[in-house]
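Peer 1: I am attaching a structure below and will ask some questions about it afterwards.
Just so you know, all these numbers are worked out from the coordinates, no wet-lab data involved. All figures in this text were calculated on a predicted structure; none of them were measured in a lab. No Cβ is skipped: glycine too gets one built from the backbone with ideal geometry, and neighbour counts run over all protein chains shown.
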Amino acid sequence: MKQVILVRHAKSVPYGYDDDFSRGLTDRGESDAEEIGTQLKKQKVTPGMIISSPARRAMETARIFAEALNFPENEIVSVKAIYEGITTSDFIALLHELPENLNTVFVFGHNPTIYYLANNLVKFFDGEMPTCSTVGISFSIDRWNQVEARRGHLDFHLMPRMFK
């Protein structure tokens, strides 16, 4: 079995004088990311790899999750295409290249891309994706190159408001 965990970055500061790429997290965003990371640790969901958009808010969210899940922050992989809006077919091609000894990959990105990926990787997904939403999708496969659109199973859909 292979598992993909899709995470929309946590609440970020509003777009203003800073460029979009450099926006960081708000205090609420940091606490939401800590909470979801803690919940995943309780469920024993552990990353074999973390991939993130290079945008500051996504990387900060990824680092908070990494700390909660005892994953080395210096091993987070930055993929520019996630910031730019990767297509489902290009995302699946990225998954096809993952090492076979890896079973779970976390991917941190932005809406609408994260929502579209969730919607296209499972047969049916109608959930909303507010900031820090986290979706677990499993595939009943042995190798990453067997991932196909609409073949995943929705394992969980966590949102910060569920824990307040």
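Peer 1: Just check the stretch 87-164 against the gyration tensor rule for me: Cα atoms, a ≥ b ≥ c as the square roots of the eigenvalues, rounded for a/c under 1.5, and otherwise prolate or oblate depending on whether a/b exceeds b/c.
Peer 2: Here the stretch 87-164 falls in the prolate category.
Peer 1: Cβ under 10 Å from residue 66's Cβ, residue 66 left aside: what net charge do those residues give with Lys, Arg +1 and Asp, Glu -1?
Peer 2: -2
Peer 1: Taking the Cα centre as origin and putting +1 on Lys and Arg beta-carbons and -1 on Asp and Glu beta-carbons, what dipole magnitude results for the stretch 45-164, to the nearest 20 debye?
Peer 2: Charge dipole, the stretch 45-164, about its Cα centre: 320 debye, nearest 20.
Peer 1: Averaged across orientations, what area in nm² does the convex hull of the alpha carbons in the stretch 20-92 project?
Peer 2: The Cα convex hull of the stretch 20-92, projected and averaged over all directions, gives 5.3 nm².
Peer 1: Relative to the present Cα-Cα distance, how much length would full extension add between residue 70 and residue 28 at 0.36 nm per residue of separation?
Peer 2: 12.9 nm
Peer 1: Using mean Cβ contacts within 10 Å as the protection proxy, how do 62-71, 22-31 order, highest first?
Peer 2: 62-71, 22-31
Peer 1: Could I ask something else about it? To the nearest 0.05, what FRET efficiency results for residue 142 and residue 163 with a Förster distance of 30 Å applied to their C-beta separation?
Peer 2: 0.30
Peer 1: Same structure, new question: In this model, which of 2/164; 2/44; 41/164 are farther than 20 Å apart at the alpha-carbon?
Peer 2: Too far apart for the 20 Å limit: 2/164.
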